[in-house]
1. Failed condition for residue A:270, given (1) within 14 Å of chain B (Cβ to nearest Cβ); (2) at pLDDT 95 or above; (3) surrounded by fewer than 21 Cβ atoms within 10 Å (Cβ to Cβ), with all others met?
2. Does at least one position in segment A:154-167 carry a residue that is surrounded by fewer than 24 Cβ atoms within 10 Å (Cβ to Cβ), within 11 Å of chain B (Cβ to nearest Cβ) and not in a loop (DSSP other than H, G, I, E, B)?
3. For residue B:253, which of the numbered conditions (1) assigned to a helix (DSSP H, G or I); (2) buried (at least 18 other Cβ atoms within 10 Å of the Cβ) fails to hold?
4. Filter segment A:282-292 down to residues that are among the aliphatic types (A, V, I, L, M) and surrounded by 19 or more Cβ atoms within 10 Å (Cβ to Cβ) and give me whichever is farthest from the other protein chains (Cβ to nearest Cβ).
5. Of the conditions (1) away from chain B (no Cβ under 14 Å); (2) of a type in the set (Gly, Ala, Ser); (3) more than 24 Å from residue A:40 (Cβ to Cβ); (4) assigned to a helix (DSSP H, G or I), residue A:108 clears all except one; give me its number.
6. When the residues of segment B:170-206 are narrowed to those that are surrounded by fewer than 19 Cβ atoms within 10 Å (Cβ to Cβ) and within 14 Å of another protein chain (Cβ to nearest Cβ), which ends up farthest from residue B:230 (Cα to Cα)?
7. Output the residue which, of all residues in segment B:123-149 that are in a loop (DSSP other than H, G, I, E, B), more than 17 Å from the chain's Cα centre (by Cα) and within 10 Å of chain A (Cβ to nearest Cβ), is surrounded by the fewest Cβ atoms within 10 Å (Cβ to Cβ).
8. Among (1) within 21 Å of residue A:167 (Cα to Cα); (2) within 14 Å of chain A (Cβ to nearest Cβ), where does residue B:256 come up short?
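The values are calculated or read from the model by the stated rules, or taken from the named source; none is laboratory data. Please read these numbers as outputs of a predicted model, since none were measured by experiment. Here the Cβ positions follow ideal geometry from the backbone for every residue, glycine too, while neighbour counts run over all protein chains shown.
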Protein chains: 2
Amino acid sequence: MAFDIGGTRFRVGLFDPEGRRLMILESETFREGGRAWMLEQLLQHSRALRQKSDAPVKACGVSFGGPVDYDRQRVTSLHAPGWEDFPLGQWVQETIGVPCRLDNDANAGVLGEYRFGAGQGTRTMVYVTISTGIGGGLIVDGKLIRGRDNLAGEIGHMPVSDSGVPCSCGARGCLETFCSGSAIALRGREWGHRRPEAVTRLVELSGGSVENITAKALIQAAAEGNTAARQILGEASRWLARGLMAVIRILNPEKIVLGGGVAQAGNLLLNPVSEALEAMASPSICHTTQVVLAELGANSPLYGAAAMALESA
Amino acid sequence: MAFDIGGTRFRVGLFDPEGRRLMILESETFREGGRAWMLEQLLQHSRALRQKSDAPVKACGVSFGGPVDYDRQRVTSLHAPGWEDFPLGQWVQETIGVPCRLDNDANAGVLGEYRFGAGQGTRTMVYVTISTGIGGGLIVDGKLIRGRDNLAGEIGHMPVSDSGVPCSCGARGCLETFCSGSAIALRGREWGHRRPEAVTRLVELSGGSVENITAKALIQAAAEGNTAARQILGEASRWLARGLMAVIRILNPEKIVLGGGVAQAGNLLLNPVSEALEAMASPSICHTTQVVLAELGANSPLYGAAAMALESA
């Protein structure tokens, strides 16, 4: 059984011993409900799944969309009220009554794509999740790399500029302030204020309100051909490409897999990213790292949680 | 027996089975002599070492200051005339009559520091060599990481800007165009032309000629307190810190070890680098990666070659 707890959606799934999904339940996260609400939902969904299946549950894996202390199997930071320092691994283990393993969504995502998605057959790969923020997970030589402080893969907080808006992390110039979903939405709103005539369709898609512009609406506007939306997405892609090129120069992995909400834009994101990578390539240092979209789409972390369950079974 | 072949100096050393050096011979590289000259020197130096020692030579390791195809044990690019696609590993093996292993100086450097220097006791570390260019070697979980195309650790060619002078690699905005030894020397010469009164001592140290300003002279001027030289070194350090922070965000290694010619500046380099890292740190993403100077100084690659010899013995 696999759980994926995210800030906007959560999922509970049943997988067979080969990692094939049997059933997945998915709902929106009610942020204001906090921890108590979420745990109740997990309980209900897991019961519903068990009732629909004769297969015994042997182990659980949990992906959490926020900082996790893997060694202590605890959620370590505020994601929604009440999550701080919560022993989520233990809670699932006691509630479901089987061994459980907990990790953050970037690590779960890379495990999912490595075992069941775009990373199959590689030994070294990086998963980059582009949603509200930007995170990443690393598999090197077949092993998940956590880093000295459990911070390996934090590519969203790579400094790429001396200026720009302050990052949520408190630093300035972080990659994610230029190309995360939040950054893209912010650019859309800036256009909405400065040049509303260029983004009428975008505002329309956002219920008529500039303040409600989201990355999702902007991607849809870009898909429909809106020039401003494409321009914003193109600029974000160039920044993202610079971050990916840093990953290529440092690790030179076989594949970089793009996941998370913004990657649902598909080729609208991948094409400008590939073009930007091409433009900054060196004619004499020829890498063959492939940059591809996540095969499991929004489900990479859920599949990763399944992989974790299979490892702990 | 260990060989370290660099663009400006080369070394031949004898090491005992525990990796302690018994003897090291060091000379300047005569670039114009090309491959033939260098091979003759290696032969003479290795003979000299063998004559002075009763210890039998059981294996050789070779560090080459340029691109190496490790799988084929060949030098793959021009370093000095005649090196292209030369089977240096095989040559040493046949000439010295013992097993030999060949790698580039960044990989040799990280091995040296990991086994015998500042990286001892770590499992994951990065060695960054700052000399004419900037290179790097990675040890992850106790293993040297080469990457898909043998390009892991090429942090000198991480794009950090849209502008700047063209890089030797053919791309633009590479890290090493801002903080390598060549970049530092170039800044010194620029000052020499634009504001000669600020760098009189630097020009003096360069034999009176602005065109002869080197990174080494600039470091010496900075050590003597020259303001302009310190400013140039400080700016280079800030760029270097940005590259190191990318390494920290992606890999979060236990240690980053700074080696190569420019790192011989010691605290004149390390202090501004540490300050710049401090300035760009995040208050909420607290890493404990240590940035330190190479303990083996200019000999990191030679010790790494010894480590390679010990592994192949």
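1. Going through (1) within 14 Å of chain B (Cβ to nearest Cβ); (2) at pLDDT 95 or above; (3) surrounded by fewer than 21 Cβ atoms within 10 Å (Cβ to Cβ) one by one, residue A:270 breaks only (1).
2. Checking segment A:154-167: at least one residue is surrounded by fewer than 24 Cβ atoms within 10 Å (Cβ to Cβ), within 11 Å of chain B (Cβ to nearest Cβ) and not in a loop (DSSP other than H, G, I, E, B).
3. With respect to (1) assigned to a helix (DSSP H, G or I); (2) buried (at least 18 other Cβ atoms within 10 Å of the Cβ), residue B:253 is out only on (1).
4. Once the filter is applied, the top-ranked residue is A:291.
5. Unmet for residue A:108, out of (1) away from chain B (no Cβ under 14 Å); (2) of a type in the set (Gly, Ala, Ser); (3) more than 24 Å from residue A:40 (Cβ to Cβ); (4) assigned to a helix (DSSP H, G or I): (3).
6. B:170
7. Across segment B:123-149, the extreme among qualifying residues is B:141.
8. Of (1) within 21 Å of residue A:167 (Cα to Cα); (2) within 14 Å of chain A (Cβ to nearest Cβ), only one is false for residue B:256: (1).
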